[in-house]
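Report on the following structure.
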Amino acid sequence: MIPIVCVDDRYGIAFNHRRQSRDRILYADVLKLCGTGGLWLPPYSRELFSATAPEQLRVDEAFLDRAGAGEYCFAECSPLMPYAQRMEGMVLYRWNRCYPADRYLDLRPEKMAWKLLERVDFAGSSHKKITREVYGR
């Protein structure tokens, strides 16, 4: 399983039980990254993707439990520590700014001793610069 998470500069992921930000170009990039393999996600995240490629989506409350080897899952507000042993890597989308946050990513790539395999900057629809980082073993 390979979680995908959007973070701010302090690894913030949510504020007041809501996502910090959203960007339609970022979500298109996520679907392109996942390819034909699909994307596991919780019902809360469905609205971000369903207008572009509903056939790629695998929506389930237990999406982190259901995602198998090599499958991507969009874990925008979910704790990842309980799944650390099953994770094959991680994809971080960095907003490159600080937002108010009261929930933070609980598992950092550097703590897992993963290697940075790819870093790509691109312009989003609401952010001048978004950075995609792909980590793996």
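The values are calculated or read from the model by the stated rules, or taken from the named source; none is laboratory data. Predicted, not measured: the structure shown is a model, and the values here were computed from it. So basically every Cβ, Gly included, is an ideal-geometry build from the backbone, and we count neighbours across all protein chains shown.
All of (1) under 12 Å from the mean Cα position of the chain (by Cα); (2) at pLDDT 95 or above hold for Ser45 with one exception: (2). Considering each of Arg94, Arg46, Arg119 in turn, give the residue that is of a type in the set (D, E, K, R), closer than 21 Å to Arg22 by Cα and in contact with a Pro (Cβ under 9 Å, 6 or more places away or on another chain). Of the residues listed, the single one that is of a type in the set (D, E, K, R), closer than 21 Å to Arg22 by Cα and in contact with a Pro (Cβ under 9 Å, 6 or more places away or on another chain) is Arg46. Checked against (1) closer than 24 Å to Ala101 by Cβ; (2) surrounded by 18 or more Cβ atoms within 10 Å (Cβ to Cβ), Arg19 passes all but condition (2).
Yes/no per residue for (1) surrounded by fewer than 20 Cβ atoms within 10 Å (Cβ to Cβ); (2) within 20 Å of Glu47 (Cα to Cα); (3) at pLDDT 95 or above:
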site	(1), (2), (3)
Arg58	yes, yes, no
Glu61	yes, yes, yes
Ala67	no, yes, yes
Tyr72	no, yes, yes
Cys77	yes, yes, no
Met90	no, no, yes
Leu105	no, no, yes
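Contact map, segment 96-125: first residue outside any loop (DSSP other than H, G, I, E, B), second residue of a type in the set (S, T, N, Q), Cβ cut-off under 6 Å, separation 6 or more or different chains; pairs are Asp121/Thr131.
The set of residues in segment 51-91 being among the polar types (S, T, N, Q) and in contact with a Pro (Cβ under 8 Å, 6 or more places away or on another chain) consists of Ser78 alone.
Condition check ((1) out of contact with any strand residue (DSSP E or B) (no Cβ under 6 Å at 6 or more places or on another chain); (2) outside any helix (DSSP H, G or I); (3) of a type in the set (Lys, Arg)) across all residues:
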| position | (1), (2), (3) |
| --- | --- |
| Ala14 | no, yes, no |
| Leu31 | yes, no, no |
| Ser45 | no, no, no |
| Pro79 | yes, yes, no |
| Pro82 | yes, no, no |
| Met90 | no, yes, no |
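May I ask you to list the residues in segment 22-36 that are farther than 18 Å from Trp95 by Cβ and surrounded by 13 or more Cβ atoms within 10 Å (Cβ to Cβ)? Leu31, Cys34 - these are the residues of segment 22-36 that are farther than 18 Å from Trp95 by Cβ and surrounded by 13 or more Cβ atoms within 10 Å (Cβ to Cβ).
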